[in-house]
Structures are given as C-alpha cells and as structure tokens.
Amino acid sequence: MKLIVMVMTMMMISEGSMIDQTCKQTPDFKLCVSLLNSDPRGSSADTSGLALILIDKIKVLATKTLTEINGLYKKRPELKQALDQCSRRYKTILNADVPEAIEAISKGVPKFGEDGVMDAGVEASACEEGFQGKSPLTSLTKSMQNISSVTRAVVRMLL
Amino acid sequence: MTREVCSNIGLWLLFTLLIGNYVVDLEASHHVYKRLSQSTNTESPSVNQPYRTGFHFQPPKNWMNDPNGPMIYKGIYHLFYQWNPKGAVWGNIVWAHSTSTDLVNWEPHPPAIFPSAPFDINGCWSGSVTILPNGKPVILYTGIDPKNQQVQNIAEPKNLSDPYLREWTKSTLNPLMAPDAINGINASSFRDPTTAWLGQDKKWRVIIGSKIHRRGLAITYTSKDFLKWEKSPEPLHYDDGSGMWECPDFFPVTRFGSKGVETSSFGEPNEILKHVFKISLDDTKHDYYTIGTYDRMKDKFVPDSGFKMDATAPRYDYGKYYASKTFYDSAKNRRILWGWTNESSSVEDDVEKGWSGIQTIPRKIWLDRSGKQLIQWPVREVERLRTKEVKNLRNKVLKSGSRLEVYGVTASQADVEVLFKVRDLEKADVIDPSWTDPQLICSQMNVSAKSSFGPFGLMVLASKNLEEYTSVYFRIFKARQNSSKFVVLMCSDQSRSSLEEDNDKTTYGAFVDINPYKPIPLRALIDHSVVESFGGNGRACITSRVYPKLAIGKSSHLFAFNYGSQNVDVLNLNAWSMNSAQIS
C-alpha cells in the first residue's frame with residue numbers, strides 16, 4: 001500500500017514537473033503554468049503537445065478579441081478605422097498564424113510554428129498602435145503579447 | 001503602320017491572350033488538395049503591388065520557401081521550390097516548378113511533385129536532384145507520411161523527351177529511407193536529402209539533415225542502385241550543441257580558380273580539391289559553411305583548422321538568407337548557389353499583398369585564393385538586364401558629411417557598382433577589442449555615429465528628403481593602436497527603411513576581408529523590396545527586405561554618402577536601371 005502511494009505521489013510530482021520544467025524556460029512562468037494546467041491534456045503532454053495547447057490558447061484569445069472588436073463598432077463608432085485594421089489582424093492570427101503553427105509542429109518543422117506564434121504578438125501590437133494611445137483593447141493586447149512570447153519559448157525548445 | 005502589320009499584331013495579341021488564359025486554367029484545375037483549413041487566398045494579388053520584384057524570382061502569388069532540386073538538363077535550367085497553393089504562409093507544401101535558358105527569365109510549369117501516396121500524403125518537402133551517369137536526373141525528397149513522420153522518396157521524369165520535364169513519377173518502392181526502431185532516427189528530424197555522389201567503390205552516398213537531442217548531424221546513406229539504401233553507421237559530420245541541421249549541402253571546389261566542380265568529381269590530374277560542407281541552422285535561421293577535406297576512406301568530412309560547423313562558421317550571407325542549395329552547371333562549368341529570402345513584413349501584410357518569399361539572384365560560388373572563404377557573385381546573365389541608362393561618376397571626392405544623389409536611374413530597380421578609395425589610413429579609429437560581433441556594431445552605431453572612416457556607402461530606396469532610406473556602408477578601423485592591420489566593417493541598416501512600424505527592421509553586419517589600402521568595391525542589386533549587397537567583390541554578402549511607404553517606384557532615390565570625418569574618394573560609380581525579367 002505504502003509502495004503504491006509512494007509511486008503515485010512520485011508520478012504526480014513528476015507529471016507536474018514536466019509543465020514546471022518547461023515553464024521555467026519561458027518569460028512568464030506563472031502564466032505558462034496556469035495556461036497548461038487549465039487544459040486536461042497538459043499533464044500528459046510532451047513538449048510538442050504543450051506547444052499545441054498554448055497555440056490553442058492563442059486561438060481562443062484571438063476569437064475572444066475579435067468578438068470584443070465586433071462589439072466595439074456600436075459602442076465606439078469613432079474608432080471604426082482602427083477597429084477595421086484590428087479585425088484584419090486578428091483574423092490573420094486565426095486564419096494564417098494558428099493553422100501554420102499547428103501544421104508545422106505536428107509535422108516536425110517547428111521553425112514555421114515559431115514564425116506563426118511570433119506573428120500573433122506582432123499583429124496584436126500593430127492593432128494596438130492603430131489606436132494611437134487610446135486603445136480599448138490594451139488588456140487583451142497584453143495578454144496576446146504575453147501568451148505569444150511564452151508559446152514562442154516552448155516552440156523554440158523543439159528546434 | 002500598314003494594315004497588315006496591325007492585323008498581325010492583333011492576331012499575336014489574341015494568341016497570347018488565349019495562351020495566357022489556358023495556362024492559368026491549367027494551373028487551377030490540375031490539383032485537388034485535401035487540406036482546406038488555411039486562409040484560402042486564391043484571388044490574384046491586388047493591383048497595387050509596390051513591393052513585387054522586377055528581376056528576382058518569385059511566383060505570381062502565395063508562399064514560397066526553399067529552392068529545391070536546381071539543375072541543368074539538356075540546356076534548360078530547372079528550379080523547383082517549396083510552394084503553398086493555398087495561401088501566403090507556409091503550409092500544404094508542394095514542389096512548384098519553373099524553367100529558364102538564362103537563369104534570369106523563367107517559365108512556370110504545373111507543380112512537379114505534390115501529395116499523392118502514403119509516403120508523401122502530408123507534405124512534399126525539400127530535396128535535391130542527382131544527375132545519374134546515364135544523364136537522367138532523379139529527385140530525392142522528403143515526404144511526410146500518414147503518421148506525420150519524415151521519410152525520403154525518389155521521383156524520376158515521366159517523359160525524358162519533354163525538355164521541360166513537367167511530369168514526374170514516384171517509385172512504388174518509396175519510402176527509400178525511413179526512421180524505424182532499429183535505426184533510431186528521429187522521425188520529426190530527418191529531412192532535406194542532398195545531391196548524391198559516387199564513391200571510388202561505385203556506391204552512391206547521400207546525406208540527410210537530422211538531430212539527436214542537441215546534436216546536429218548529417219546522416220549518410222549508401223546505395224549501389226539508387227533504390228536500395230543502407231544507413232551508414234557514422235554520419236558524414238556532426239556537431240554537439242548546434243541543434244537541427246536543415247538543408248545540408250556537400251560539394252567539391254577547386255582550390256585555385258573559380259570554375260565549378262561536378263559533385264562526384266575526384267578532380268582533374270594535378271588539380272587540388274577542397275570540400276565545402278554547409279548547413280541551415282534551425283536555431284539561428286542562418287546558413288553556414290565550412291571548408292575542409294573529404295576523407296573518402298572513412299566517409300567523413302574533416303573541417304580545416306579554424307572551422308567548426310556551428311554558429312561560429314562563416315555565412316554565405318549576413319542578412320535574410322536561408323535554405324540555400326548549390327548545383328553544378330555543366331553548361332558553363334560553374335557552381336551556382338540559390339538562396340531563399342523571406343519577408344520582413346507582418347503576416348497580415350503578406351496576406352493582403354497575397355504573396356511571401358523570394359529567391360536571391362543565383363550566385364556563382366568559388367573558393368577564395370586564401371582558401372579561407374568562399375566568394376559569391378551574381379551570375380553574369382543578370383547584367384543583360386542592365387539598360388543603356390548608365391549613370392557614371394568618376395573621381396569624385398565625397399567630403400566628410402556629404403551626400404551625392406545619383407540621377408537618371410530607376411532607383412527602385414537598379415544595379416549599382418561603386419569603387420571607393422580612402423587615404424591617410426593612419427587616422428583610422430582603433431576598434432574596441434570587445435567588438436567581435438559585426439551585426440552588433442552596426443546596430444549600435446547608426447549612420448549618425450561618426451568614425452574617421454565611415455560610415456560611407458550608398459543610401460538606397462531613399463525618399464527625396466530621407467524620411468526613409470536603407471543604408472549600405474563601410475567603416476574602417478585599425479585592429480590595434482599601433483597596428484598596420486585594419487578591420488573593414490560592412491553594414492546594411494534597415495532601421496530607417498520605412499515609416500511603417502510593424503516591419504522587421506533589424507540591422508545586419510559583416511566583416512569584409514579586404515585590404516583598405518586598395519580600392520574598396522561595393523555592389524547593390526536594388527529591386528523594390530529587396531537589396532542584395534556585395535562588399536569586396538563578393539567577400540561579404542548581405543540581403544535585406546524593406547517596404548518603404550514613400551520611396552516607391554519613381555519616388556525612390558539613390559545616394560552615395562560619406563558621414564565619416566575623413567574624405568572618401570569615389571573612383572568610379574556605375575548605376576544602371578534594370579529591365580524587368582520574366583520572373584515566373
């Protein structure tokens with residue numbers, strides 16, 4: 001019985017530590033751990049699997065931001081031009097960056113995954129700049145920049 | 001014009017219109033692809049295209065990366081390339097195909113290799129051509145199988161009497177090389193087979209890029225018949241810590257002179273051969289080469305002293321340049337290098353403009369007299385695009401703090417060659433001994449940082465009042481305080497290249513191994529959104545991508561400049577407007 005408990009505890013610790021070990025090598029340990037722990041696949045994933053989970057988080061955040069952008073057209077009609085630009089940029093994240101990153105990591109050429117993930121941060125920054133200091137999306141932008149840099153660090157472990 | 005001439009022209013126009021229509025239809029109807037999950041930008045790029053090149057190879061639309069299987073066959077040059085039929089990012093990759101008689105003007109053909117069988121159903125990735133002793137070309141390429149594993153396959157021309165070799169058939173024996181439990185090859189790190197070469201034992205050798213943890217290696221396979229391949233127990237070469245070795249290349253060069261050497265050659269009698277081994281490093285996104293000897297007994301590459309195959313090795317190009325590959329041009333007895341340059345714009349920009357990726361102008365490549373580096377120079381054929389509009393300046397002094405505009409040239413599509421001369425070199429600043437990274441030096445000292453000698457060079461793709469410009473320039477330093485040795489630095493500075501914020505405007509730099517007592521040459525091939533710079537007659541090459549908002553087309557300007565404190569002589573400056581080539 002003691003042996004079973006010991007083995008199970010060791011298994012739990014070592015499972016936790018894969019995420020820990022990985023996240024220690026990213027710019028935002030806490031964010032990384034919380035993102036990966038929030039996904040049921042996280043506890044048994046290898047590095048590729050962890051990268052794919054994070055890319056999924058990018059996808060979810062981009063979708064959420066697009067919804068927010070769509071809502072802002074009515075509330076803040078004076079921001080239409082910047083919102084149009086942002087809409088294009090977040091659609092690029094969803095339609096180009098995310099599928100590219102998923103295909104690249106699944107097939108073992110992570111450098112294109114790195115490109116896609118990095119670009120998610122670039123697009124978010126470009127969208128933010130379009131408001132010239134008066135952005136209603138700043139907190140979402142920061143989230144995307146942070147997730148992008150954490151994901152990039154994980155993808156680089158596959159290179 | 002006579003009525004007859006008019007109707008002939010009319011008929012000719014109608015004919016080309018019909019042909020054009022037919023070619024487009026052929027391309028569109030030819031293939032059915034399973035994956036539709038990507039951004040399906042299948043419309044032609046929008047009309048306003050200020051960044052498309054005039055004479056650098058690029059497809060009409062969508063994403064391109066590695067050059068594949070370059071070769072010459074029956075007098076026709078072939079270029080295949082990784083292409084995404086569905087969008088402006090990497091994905092759904094196939095081998096697109098173009099041919100040329102002069103390496104400058106290209107004719108497109110339908111994709112030559114695309115997913116069709118389990119051994120490549122998930123992708124047709126990079127590879128090379130080997131010309132067999134009977135003259136037949138065969139392709140070895142990486143396929144992605146149903147389990148997303150990387151395997152190596154063979155394809156051969158369906159019809160050797162088609163001079164364009166448009167169709168290729170794949171052997172049912174594929175995959176010829178695959179990872180398994182016995183060979184222990186990493187199934188997601190096994191790709192990019194090279195041109196094969198024959199050993200003295202009449203066995204073929206080929207190498208494939210791979211890694212085991214952080215060890216990059218070139219796995220060797222041998223074969224008697226090019227179909228049944230055996231993995232060698234030892235790799236041709238490896239390095240611990242450098243990570244995945246992509247796009248390896250391995251070829252002989254003649255020790256003296258600039259002619260090419262066929263890949264299987266043992267050299268002429270009395271000819272000394274060296275070997276070049278090259279890799280693309282995943283980690284750093286650069287191409288590196290080492291010079292050494294090929295131990296044919298042990299099937300090992302031995303770098304010369306001073307060379308290590310990692311990120312300390314010399315690069316072909318110190319700018320945006322990757323996945324390069326050479327081939328032996330038997331028609332003109334030279335070795336030619338192709339390299340891919342990606343975009344420095346955001347993906348959204350690429351999706352908007354509908355394309356991404358260009359090839360650099362093919363370069364002739366040979367070993368320098370010193371034996372310590374390779375020299376590259378754009379193939380002479382590109383000079384046929386030079387028009388008669390030549391701006392020639394001779395023996396002008398570029399005073400300290402001056403700029404000289406070069407008029408009468410289409411500054412957005414030009415070829416410029418300039419020869420500088422400096423005097424009183426004892427006045428050169430001493431280089432800080434901690435300055436060992438040329439890129440860092442160039443990044444930290446922009447054109448407003450004055451040295452005794454430099455910055456002097458060219459400002460290209462510049463707007464009239466220099467709100468935007470890309471500067472390519474030299475600085476000359478003394479190696480040490482009382483030294484007679486000098487360090488020549490070349491920079492390509494994109495930091496002011498565009499008013500657009502979200503471009504990658506990284507600055508690039510390289511040391512140029514030349515004697516500054518002699519005239520200092522600089523050449524720049526300028527083509528809308530690409531600048532290829534060659535310092536010291538091809539001793540240092542830097543390729544960069546820029547996207548000006550003002551310095552476009554007719555509003556683009558060209559300057560020679562000198563912001564150093566010493567005067568610099570322009571012995572000679574030639575600038576040609578370049579005609580456009582038929583690039584795809």
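The values are calculated or read from the model by the stated rules, or taken from the named source; none is laboratory data. In this text, all values refer to a predicted model and were calculated from it rather than measured experimentally. Positions of Cβ are backbone-derived with ideal geometry, glycine not excepted, and every protein chain shown enters the neighbour counts. Accessible surface areas use protein heavy atoms only, side chains included; no ligands, DNA or RNA. Shrake-Rupley method; radii C 1.70, N 1.55, O 1.52, S 1.80 Å.
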Segment B:529-581 versus segment B:267-314: alpha-carbon centroid distance in Å
32
In segment B:490-584, trypsin sites (Lys or Arg not before Pro) in a DSSP loop with at most 11 other beta-carbon atoms within 10 Å:
none
Once the piece of chain linking B:Arg423 and B:Lys399 is laid out straight, how much longer is it, given 0.36 nm per residue of separation minus the C-alpha distance between them?
7.4 nm
If R0 is 60 Å, what FRET efficiency do you get for B:Ser484 and A:Glu68 from their C-beta distance, rounded to 0.05?
0.35
I need the trypsin sites (Lys or Arg not before Pro) found in segment B:290-360, filtered to DSSP loop residues with at most 16 other beta carbons within 10 Å of theirs.
B:Arg296, B:Lys298, B:Lys308, B:Lys332
Tell me, what does the Kirkwood hydrodynamic radius of segment B:299-360 come to in angstroms if you use every pair of distinct C-alpha atoms?
14.8
Please label the shape of segment B:195-281 as rounded, prolate or oblate, based on the square roots a ≥ b ≥ c of the eigenvalues of the alpha-carbon gyration tensor (a/c under 1.5 means rounded; beyond that, a/b larger than b/c means prolate, else oblate).
oblate
Cα gyration tensor shape for segment B:312-407, rounded if a/c is under 1.5, else prolate or oblate:
oblate
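Kindly compute the accessible surface that chains A and B hide from a 1.4 Å probe when together, both sides summed, and give it to the nearest 100 Å².
Buried surface at the A/B interface: approximately 2400 Å².
Which value, in Å³ per residue, describes the convex hull spanned by the Cα atoms of segment B:367-445?
That works out to 207 Å³ per residue.
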Long-range amide H contacts for B:Val253: which residues qualify at under 5 Å (H placed 1.01 Å from N, peptide plane, sequence gap of 5 or more or a different chain)?
B:Lys274, B:His275, B:Val276
By how many degrees, 0 to 90 and rounded to 10, does the Cα axis of helix A:110-129 deviate from the longest principal axis of chain A?
40
Here the equivalent ellipsoid of segment B:414-504, derived from its Cα gyration tensor, has semi-axes (largest first, whole Å) of 27, 16, 10
Place a point 7 Å from the Cα of B:Asp102 along the Cα-to-Cβ direction; which residues of segment B:63-95 have their backbone N under 15 Å from it?
B:76-77
Suppose R0 equals 51 Å. What FRET efficiency, 1/(1 + (r/R0)^6) with r the Cβ-Cβ distance, do B:Ile76 and A:Met1 give to the nearest 0.05?
0.10
Per residue, accessible area of chain B with a 1.4 Å probe, heavy atoms of protein chains only, in Å², comes to 40
Suppose we keep just the alpha-carbon trace of segment A:54-149; what are its Rg and Dmax in angstrom?
13.4, 45
Can you give the Kirkwood hydrodynamic radius of segment B:433-577 from its Cα pairs, in Å with one decimal?
15.5
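Taking a ≥ b ≥ c as the square roots of the Cα gyration tensor eigenvalues, with a/c under 1.5 meaning rounded and otherwise prolate when a/b beats b/c, else oblate, which class fits segment B:270-325?
On the way: a/c = 2.26, a/b = 2.01, b/c = 1.13.
Prolate, because a/c is 1.5 or more and a/b exceeds b/c.
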FRET E, pair A:Arg88, B:Asn446, Förster distance 41 Å, beta-carbon r, rounded to 0.05
0.80
Quick one: pull the percent of accessible area on the protein assembly as shown belonging to carbon and sulfur, 1.4 Å probe, ligands and nucleic acids left out.
54
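Inside 10 Å of the C-beta atoms of A:113-122, what's the mean count of C-beta atoms belonging to other chains?
Details: counts 1, 2, 5, 4, 0, 2, 6, 1, 0, 8.
Mean number of neighbouring Cβ atoms from other chains: 3.
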All Cα pairs of segment B:349-487, percent lying beyond 23 Å
55
Per-selection metrics, the protein assembly as shown (Cα): Rg and Dmax in Å
26.7, 105
Chain B: spread of alpha-carbon positions along the three principal axes, whole Å, largest first, is 71, 69, 46
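Quick check: residue separation of B:Phe256 and B:Ser232 times 0.36 nm, minus the Cα distance between them. What number comes out in nm?
Here the answer is 5.4 nm.
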What is the Cα convex hull volume of segment B:246-394 when expressed per residue in Å³?
186
With label points set 7 Å from each Cα along the Cα-to-Cβ direction at B:Asp432 and B:Ala181, the distance between them in nm comes to 5.8
From the cross-link list B:Lys61/B:Lys158; B:Lys211/B:Lys285; B:Lys136/B:Lys372; B:Lys320/B:Lys518, the entries with a Cα-Cα span beyond 23 Å are B:Lys61/B:Lys158; B:Lys136/B:Lys372; B:Lys320/B:Lys518
Report the gain in length on full extension from B:Asp368 to B:Asp162: 0.36 nm times residue separation, minus Cα-Cα distance, nm rounded to one decimal.
70.3 nm
Counting other C-beta atoms within 10 Å, and keeping those with at most 11, which DSSP coil chymotrypsin sites (Phe, Trp or Tyr not before Pro) do you find in segment B:530-584?
none
